[in-house]
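Have a look at the structure below, then the notes.
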């Protein structure tokens with residue numbers, strides 16, 4: 001059997017998978033294949049002849065290629081491990097999948113299950129839907145042979161695979177060029193040439209499934225530009241430094257071919273003769289004057305930050321994985337490309353590691369739902385809620401694909417572990433919104449939090465009970481742990497109907513379905529539109545992180561809508577603390593926040609206070625509003641009135657007046673900074689806007 005499978009894999013340029021629960025047989029197969037280029041991933045380094053890599057270190061596989069793989073799943077693993085390791089095997093390679101006996105494996109508890117059990121739940125409460133799905137899909141795909149109980153239970157139908165093979169592609173012959181000759185496919189070559197020939201201020205948007213060689217092509221393209229002799233200064237950015245490793249690797253290969261000396265000044269910066277290539281975190285890469293800006297895995301960067309990067313007046317490349325491990329759906333393509341307007345689109349379809357039509361890729365994408373897309377939706381009339389039983393949903397492939405497709409489409413970054421969590425986490429549930437044709441137009445993923453015996457709270461890990469843990473850490477009050485709540489994890493509407501009220505409908509329906517709960521909450525990276533949406537649905541901020549997210553540059557905010565009197569008492573107390581802490585922190589801890597976002601977080605208060613000014617202060621106020629005093633002479637009075645305005649909850653000022661008040665009175669920006677951050681390209685005078693705002697507030701006091 002092994003010889004037949006190896007021959008078929010090599011002839012077609014595809015991979016094959018052998019599945020067994022017999023460790024001796026797995027070891028025998030591995031040793032027969034030979035040690036060269038073989039990788040053994042697992043927890044038990046038994047004799048396989050392959051290079052061993054612990055399951056905890058699977059990130060090391062990203063960007064690398066192996067001849068054969070022995071993947072031992074008898075110990076703990078998660079879905080991300082599958083998504084990272086299996087695509088690393090090249091065409092003609094064999095994947096040996098070593099599993100427990102299927103009957104035991106289907107009910108196994110992994111270390112990931114332990115992460116999914118949030119007090120007061122235990123491992124016994126896990127649903128066990130994910131691994132049975134993996135097992136079921138092993139039987140559905142060709143190219144996979146299963147050996148169980150001492151016999152071949154399923155053999156790969158090579159004749160069927162041969163019939164399905166697409167017509168052979170013309171063999172690719174790389175050009176006789178030091179750098180271009182490193183291209184593996186015609187699409188890679190075309191991409192390298194397109195990037196090399198980018199004109200000033202042009203933008204290229206690159207999309208590809210994983211394993212298409214996009215990051216390698218980016219590195220070679222930088223080398224190809226340098227090959228023309230010009231001095232080159234490049235910034236590489238991505239959510240994490242490790243995500244540009246492949247780009248740096250192929251840049252080095254190109255420079256070596258060109259005999260251009262180089263060295264790494266530090267892990268972030270390559271310096272060579274007339275070339276400098278530096279990795280920067282996304283927020284640090286904004287407004288840098290360089291010859292080329294390369295943004296890899298761009299879909300993992302929130303849209304507001306992507307827009308800032310897109311405004312850089314330099315040639316730019318935005319590259320992202322569409323499907324596969326850490327893939328993104330349509331949101332990146334739809335929203336971001338609409339913002340760009342003018343750009344060069346480029347898609348790589350042909351895999352570089354194996355031939356098109358690889359059956360193992362097809363199995364992996366289906367098992368992990370990596371290529372799910374939203375289902376068809378013809379409208380949003382007759383909206384109805386559905387709270388499906390998760391076991392029933394996971395047995396309904398059409399609804400499951402439409403559900404996951406919507407979630408992938410609406411979020412910047414998705415991993416296979418999101419599916420694992422949905423399948424098995426006992427405290428996670430789905431809320432589907434269907435139209436009158438029963439098409440899924442909205443998805444609300446939420447989880448249960450709190451409801452913990454207060455005597456058990458001390459020393460309890462906060463992971464999983466996010467809102468109670470945040471309030472406890474910020475204010476020392478563990479009260480939310482004792483209340484039952486539902487935290488919205490992801491709330492998405494169909495891409496064709498975003499901004500049409502689907503999300504608000506879902507929130508109202510969730511509240512109706514929560515008569516035995518004390519609160520509904522959510523935690524997210526604060527942006528103006530998101531804060532406005534949640535506040536518009538009755539949620540108030542209760543905590544905000546003191547540090548920005550390294551990738552997005554956003555501050556994480558928790559917002560809560562109380563449903564009972566006890567929750568209302570705790571929420572109002574936390575909100576009061578939040579407001580005082582936040583408004584004072586705007587000049588220091590939160591100075592980097594966008595003034596528009598800060599404005600949204602300050603709105604919605606309703607606290608009655610009196611403004612007490614003596615005659616001299618009133619005289620100064622009049623002199624300022626009449627234009628006889630500079631702002632700097634009466635900044636204390638402006639600050640006090642701004643505080644009064646936002647505490648009152650009234651909204652009679654214009655949006656720009658409110659933003660300028662926040663930026664100047666609270667965040668202490670210079671006038672030039674206020675103009676750039678709030679008004680650009682509006683020619684309005686920020687000084688005059690503040691004077692008008694203060695005059696309006698003053699008139700309300702009379």
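Just so you know, all these numbers are worked out from the coordinates, no wet-lab data involved. For clarity, every value in this text was computed on a predicted model and none was experimentally measured. Counting neighbours? That spans all protein chains shown, and the Cβs are built from the backbone with ideal geometry, glycine included.
Can you give the relative contact order of the stretch 2-164 as a percent, counting alpha carbon pairs under 8 Å and 6+ residues apart? Mind dumping the intermediate values first?
Values: 275 pairs, mean separation 41.6, N = 163.
Computed value for the stretch 2-164: 26 percent relative contact order.
Going from the alpha-carbon gyration tensor of the stretch 615-701, what semi-axes, largest first and in whole Å, does one get by taking the root of 5 times each eigenvalue?
Numbers: eigenvalues 78, 44, 25 Å².
Semi-axis lengths for the stretch 615-701 are 20, 15, 11 Å.
Along the Cα→Cβ direction, 7 angstrom out, place labels at residue 588 and residue 384. What is the inter-label distance in nm?
5.6
Once the stretch 237-309 is represented by equal point scatterers at the alpha-carbon sites, with solvent omitted, what log10 I(q)/I(0) does the Debye formula produce at q = 0.13, 0.15, 0.23, 0.27 Å⁻¹?
With one equal scatterer per Cα and no solvent, log10 I(q)/I(0) is -0.40, -0.53, -1.08, -1.32.
Per DSSP helix of 4 or more residues, -39500 (n - 2.57); summed, then divided by the residues of the chain. What does that give at 222 nm, rounded to the nearest 500? All intermediate terms of the calculation are to be shown ahead of the outcome.
On the way: 27 runs with 258 residues, N = 702.
The per-residue figure over the chain is -10500 deg cm²/dmol.
Suppose the Debye formula is applied to equal point scatterers at every Cα of the stretch 180-348; what is log10 I(q)/I(0) at q = 0.11, 0.13, 0.20 Å⁻¹?
The computed values of log10 I(q)/I(0) come out as -0.39, -0.55, -1.44.
In what sequence, highest mean first, do 390-398, 594-602, 496-504 appear when ranked by Cβ atoms within 10 angstrom?
On the way: 390-398: 14.0, 594-602: 24.3, 496-504: 15.7.
Most protected by this proxy first, the peptides run 594-602, 496-504, 390-398.
Starting from the Cα gyration tensor of the stretch 24-112, multiply each eigenvalue by 5, take the square root, and state the resulting semi-axes largest first in whole Å. Intermediate results must be reported in sequence, preceding the final value.
Working: eigenvalues 80, 50, 24 Å².
The answer is 20, 16, 11 Å, longest axis first.
Would you mind ranking 252, 155 by Cβ crowding within 10 Å, fewest neighbours first? Walk me through the intermediate numbers first.
Working: 252 17, 155 14.
Final ranking by Cβ density, sparse to dense: 155, 252.
What order, most packed first, do the peptides 44-50, 422-428 have when packing is the mean number of other Cβ atoms within 10 Å of each residue?
Packing proxy ranking, top to bottom: 422-428, 44-50.
Report for the stretch 2-164 the percent antiparallel among DSSP-assigned beta bridges with both residues inside it, nearest 5. Walk me through the numbers on the way to the answer.
Working: 3 of 25 bridges.
Within the stretch 2-164, antiparallel bridges account for around 10 percent of the total.
Using only Cα atoms and rounding to the nearest 10 degrees, what angle (0 to 90) does helix 2-12 make with the longest principal axis of the chain?
60
Rounded to whole Å and sorted largest first, list the principal axis extents of the Cα atoms in the stretch 78-122.
Cα spread of the stretch 78-122 along its principal axes, largest to smallest: 48, 23, 9 Å.
Could you tell me what percent of the DSSP beta bridges with both partners in the chain are antiparallel, to the nearest 5? Write down the numbers at each step before the final one.
On the way: 43 of 93 bridges.
Restricted to the chain, the bridges split so that about 45 percent are antiparallel.
Got a sec? How would 137, 675, 265 order by Cβ neighbour count within 10 Å, fewest to most?
265, 137, 675
Hey, any idea what Rg/Rh is for the stretch 2-164, computing Rh the Kirkwood way over Cα pairs?
Numbers: Rg = 16.1 Å, Rh = 16.5 Å.
Ratio of gyration radius to Kirkwood radius: 0.98.
Considering only the stretch 180-348, what is the antiparallel percent among its DSSP beta bridges, to the nearest 5? Please list the in-between numbers first.
Details: 8 of 32 bridges.
Given both bridge residues lie in the stretch 180-348, the antiparallel proportion sits at roughly 25 percent.
Run the Debye formula on the Cα coordinates of the stretch 535-604, all scatterers equal and no solvent, and tell me log10 I(q)/I(0) at q = 0.14, 0.16, 0.24 1/Å.
Results for the stretch 535-604 at q = 0.14, 0.16, 0.24 Å⁻¹ read -0.43, -0.55, -1.10.
Ratio to report: Rg/Rh of the stretch 1-46, with Cα atoms as the point set and Rh obtained by the Kirkwood method; give two decimals.
Here the Rg-to-Rh quotient is 0.97.
Could you work out the relative contact order of the chain, using alpha carbon pairs under 8 angstrom and six or more residues apart, expressed as a whole percent? All intermediate terms of the calculation are to be shown ahead of the outcome.
Values: 1294 pairs, mean separation 68.0, N = 702.
Value for the chain: 10 percent.
Sorted from largest to smallest, which semi-axis lengths in Å does the alpha carbon gyration tensor of the stretch 358-434 give for its equivalent ellipsoid, taking the root of 5 times each eigenvalue? Could you put the intermediate results ahead of the total?
Working: eigenvalues 93, 52, 29 Å².
In descending order, the three semi-axes are 22, 16, 12 Å.
What spacing in nm lies between the two simple spin-label points modelled at residue 392 and residue 630, each 7 Å away from Cα in the Cβ direction?
Each label point lies 7 Å from its Cα, and together they span 7.1 nm.
On a 0 to 90 degree scale, rounded to 10, what angle separates helix 615-625 from the longest Cα axis of the chain?
60
If I stretch the segment between residue 504 and residue 172 completely, what's the gain in nm (0.36 nm per residue apart, minus their alpha carbon distance), one decimal? Numbers along the way, then the final one.
Working: separation 332, 0.36 × 332 = 119.52 nm, distance 5.24 nm.
Going from the current span to full extension adds 114.3 nm.
Extension gain residue 152-residue 573, at 0.36 nm per residue separation less the Cα-Cα distance, in nm?
Working: separation 421, 0.36 × 421 = 151.56 nm, distance 6.49 nm.
Full extension of this stretch gives 145.1 nm more.
Specify the angular offset, from 0 to 90 degrees and rounded to the nearest 10, of the alpha carbon long axis of helix 635-648 from the longest principal axis of the alpha carbons in the chain.
For 635-648 against the chain, the angle is about 70 degrees.
Give me the Å³ per residue figure for the convex hull around the C-alpha atoms of the stretch 480-562.
103
Can you give the Kirkwood hydrodynamic radius of the stretch 384-588 from its Cα pairs, in Å with one decimal? Don't skip to the end; give the middle numbers.
On the way: mean 1/r = 0.0560 Å⁻¹.
Its Kirkwood hydrodynamic radius stands at 17.9 Å.
Using 0.36 nm times the number of residues separating residue 104 and residue 190, minus their current alpha carbon distance, what extension gain do you get? Write out the running numbers ahead of the final one.
On the way: separation 86, 0.36 × 86 = 30.96 nm, distance 4.95 nm.
Computed gain between residue 104 and residue 190 is 26.0 nm.
How many nm is it between the label spots at residue 139 and residue 274, if each spot is 7 Å from the Cα in line with the beta carbon?
Modelled inter-label distance: 6.4 nm.
So if R0 is 45 Å, what FRET efficiency would residue 513 and residue 2 give, r being the distance between their Cβ atoms, rounded to the nearest 0.05? Each step should come with its number before you reach the end.
On the way: r = 54 Å, r/R0 = 1.20.
My answer for the efficiency is 0.25.
Please compute the alpha carbon radius of gyration of the chain, then divide it by the globular-protein estimate 2.2 N^0.38 Å. Two decimals is fine. Before the final figure, lay out the partial values.
Details: Rg = 28.6 Å, N = 702, 2.2 N^0.38 = 26.5 Å.
For the chain, the normalised Cα radius of gyration comes out at 1.08.
Counting other beta carbons within 10 Å of each Cβ, put 225, 135 in order, fewest first. Walk me through the numbers before you get to the answer.
On the way: 225 23, 135 17.
If I rank by nearby Cβ atoms, fewest first, I get 135, 225.
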